[in-house]
Amino acid sequence: MLPMTRFQTLVDDAVAAIDAAGDLAALNALRPNLVGKKAPLAEASRSLGAMDEAERKLAGQELNAARQAVQSHLDARTETLRTEARRAQYEAERMDLTEVRGELRRGHHHLVTQARDRLEDLFVGMGYTIAEGPEVETAWYNFEALNIPEWHPARGEFDTIFVNLGESEEVMLRSHTSPVQIRTMENTEPPIYVVAPGRTFRTDAADATHLPAFNQIEGLVVDKGITFGDMAGTIDSFVKAFFGAEVNTRLRPSYFPFTEPSAEVDISRADGSWLELAGCGMVNPQVLRNCGIDPEVWQGFAFGFGIDRLAAMRYQLDDIRELVNNDVRFLRQF
Ligand code: DAH
């Protein structure tokens with residue numbers, strides 16, 4: 001506590017003003033009126049000149065004490081307000097990591113995985129089992145057993161990616177899922193009802209309708225008395241289950257070395273146009289023979305769909321590359 005002096009009122013006023021300043025800006029605005037040349041205590045020092053020496057000495061000491069009192073109160077208040085301001089800033093900038101919990105989204109499967117799962121479910125529901133095969137294949141499985149010999153022009157159409165493993169045999173990334181047909185027939189006694197989903201690879205450059213690494217689902221049925229009608233009916237029921245009952249299918253004559261006769265599957269679109277979706281056909285007797293199955297006893301049909309295209313069509317994507325861009329804003333929609 002200061003002793004009561006002639007400057008006590010000025011000190012009290014200054015202290016009250018300092019305490020009333022709510023933030024640093026207000027305090028800084030006050031500052032010239034507290035400690036500057038125009039401050040009341042500075043004005044008061046000018047009155048010292050008129051005093052006699054003893055009086056002036058005493059008054060001078062009192063004035064210094066008064067100024068120090070104001071200055072230290074100002075410093076203390078400045079420090080307090082500064083600390084408060086800093087705390088408010090930290091509070092405002094704080095990242096409350098616990099908040100993130102409330103926003104956590106459950107992830108979900110990629111669009112293509114969802115389509116693949118759905119396709120598997122549909123076929124399993126029709127009594128099929130799932131077959132799998134390697135993504136790296138030999139020429140026998142990818143081509144020869146499927147009735148595509150070395151000289152066959154269809155080989156070129158597959159734009160195959162070859163791999164050099166130093167093997168004497170030609171080795172490649174499978175260009176379709178059809179080799180799984182061969183592997184299944186080699187290992188399984190008919191009757192056979194399988195679908196084989198999986199990744200396939202071609203040298204295609206990516207564009208709105210192509211990806212160099214894509215997914216197909218292959219279907220294979222081998223049983224007694226199987227007809228082209230069975231195939232058409234199977235494909236139509238699967239398409240209706242996948243796209244909706246209002247979607248129709250049609251078959252157009254086509255050619256694949258591994259089926260005879262062969263067809264292309266089109267599906268109807270809302271605008272009345274037709275869209276090519278898949279290849280299919282009755283398993284070529286030579287392919288059955290290549291796998292040790294007697295074509296006089298067993299017949300079959302096969303089909304191959306592009307899963308990415310099925311997904312793109314179902315969700316009306318303009319550009320199939322969206323499927324592999326991995327932009328979560330896109331993927332989250334599905
Ligand atoms: N493997 C063919 C392709 O990738 C698609 C295909 C056509 C598969 C006819 C089949 C089929 O099983 O019977 O172009």
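The values are calculated or read from the model by the stated rules, or taken from the named source; none is laboratory data. Bear in mind that the values here come from a model prediction, so they are computed numbers and not experimental data. Note that each Cβ is placed from the backbone with ideal geometry, even for glycine, and that neighbours are counted across all protein chains shown. SASA here: full protein model, heavy atoms, side chains in, ligands and nucleic acids out. Shrake-Rupley method; radii C 1.70, N 1.55, O 1.52, S 1.80 Å.
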* Among (1) of a type in the set (Phe, Trp, Tyr); (2) without any contact (Cβ under 8 Å) to a residue 40 or more places away in the chain; (3) open to solvent by less than 30 Å² (accessible area, probe 1.4 Å); (4) more than 14 Å from the ligand (Cβ to nearest atom), the one test that residue 242 misses -> (2)
* To do: Kindly check whether there is at least one residue in region 211-220 that is at pLDDT 95 or above, among the charged types (D, E, K, R) and more than 11 Å from the ligand (Cβ to nearest atom).
  => no
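Could you grab me the full set of residues in region 179-196 that are closer than 15 Å to residue 128 by Cα and either out of contact with any strand residue (DSSP E or B) (no Cβ under 6 Å at 6 or more places or on another chain) or crowded, with 16+ Cβ neighbours inside 10 Å (or both)?
Step one: of region 179-196, the residues closer than 15 Å to residue 128 by Cα are 180-181, 184-185, 188-196.
Those that are closer than 15 Å to residue 128 by Cα and either out of contact with any strand residue (DSSP E or B) (no Cβ under 6 Å at 6 or more places or on another chain) or crowded, with 16+ Cβ neighbours inside 10 Å (or both): 180, 181, 184, 185, 188, 189, 190, 192, 193, 194, 195, 196.
Yes/no per residue for (1) in a loop (DSSP other than H, G, I, E, B); (2) surrounded by fewer than 11 Cβ atoms within 10 Å (Cβ to Cβ); (3) touching a Leu at 6+ places or on another chain (Cβ under 8 Å):
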residue	(1), (2), (3)
59	no, no, yes
69	no, no, yes
89	no, yes, no
109	yes, no, no
* Filtered residues of region 141-193 (kept if of a type in the set (Asp, Glu), within 12 Å of the ligand (Cβ to nearest atom) and assigned to a loop (DSSP other than H, G, I, E, B)) -> 159
* So which residues in region 204-216 are over 15 Å from residue 305 (Cβ atoms) and in contact with a strand residue (DSSP E or B) (Cβ under 6 Å, 6 or more places away or on another chain)? -> 204, 213
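Residues of region 131-150 being hydrophobic (A, V, I, L, M, F, W, C), over 33 Å from the mean Cα position of the chain (by Cα) and either surrounded by fewer than 17 Cβ atoms within 10 Å (Cβ to Cβ) or over 22 Å from residue 303 (Cβ atoms) (or both), which ones? Quick ask: steps written out before the conclusion?
Just the residues of region 131-150 that are hydrophobic (A, V, I, L, M, F, W, C), to begin with: 131, 136, 139-140, 143, 145-146, 148.
Subset that is over 33 Å from the mean Cα position of the chain (by Cα): 139-140, 143, 145-146, 148.
Residues satisfying the conditions are 139, 140.
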* Structure fact -> If we ask which residues in region 245-267 are within 12 Å of the ligand (Cβ to nearest atom) and of a type in the set (Val, Ile, Thr), their number turns out to be 2
* To do: Return a yes/no flag: does region 213-223 have any residue that is open to solvent by less than 20 Å² (accessible area, probe 1.4 Å), in the same structural domain as residue 120 (by TED's automatic domain parsing) and in contact with a Lys or Arg (Cβ under 8 Å, 6 or more places away or on another chain).
  => yes
* Asked: Just a yes or no: is a residue in region 226-237 farther than 28 Å from residue 322 by Cα and crowded, with 22+ Cβ neighbours inside 10 Å?
  -> yes
* Structure fact -> residue 58 meets each of (1) of a type outside the set (D, E, K, R); (2) at pLDDT 90 or above; (3) not assigned by TED's automatic domain parsing to the domain that holds residue 242 with one exception, condition (2)
* What is the number of the single condition among (1) of a type outside the set (Phe, Trp, Tyr); (2) modelled with pLDDT of 95 or more; (3) open to solvent by 60 Å² or more (accessible area, probe 1.4 Å) that residue 153 does not meet? -> (2)
* Since residue 77 meets every condition but one in (1) closer than 30 Å to residue 155 by Cβ; (2) part of a helix (DSSP H, G or I), which condition does it not meet? -> (1)
* **Selection status of residue 270, within 9 Å of the ligand (Cβ to nearest atom) and modelled with pLDDT under 95** => no
* To do: Within region 43-87, count every residue that is within 60 Å of the chain's Cα centre (by Cα) and over 23 Å from residue 17 (Cα atoms).
  => 1
* **Members of region 276-334 that are part of a helix (DSSP H, G or I), within 16 Å of the ligand (Cβ to nearest atom) and open to solvent by 20 Å² or more (accessible area, probe 1.4 Å)** => 285, 286, 290, 309
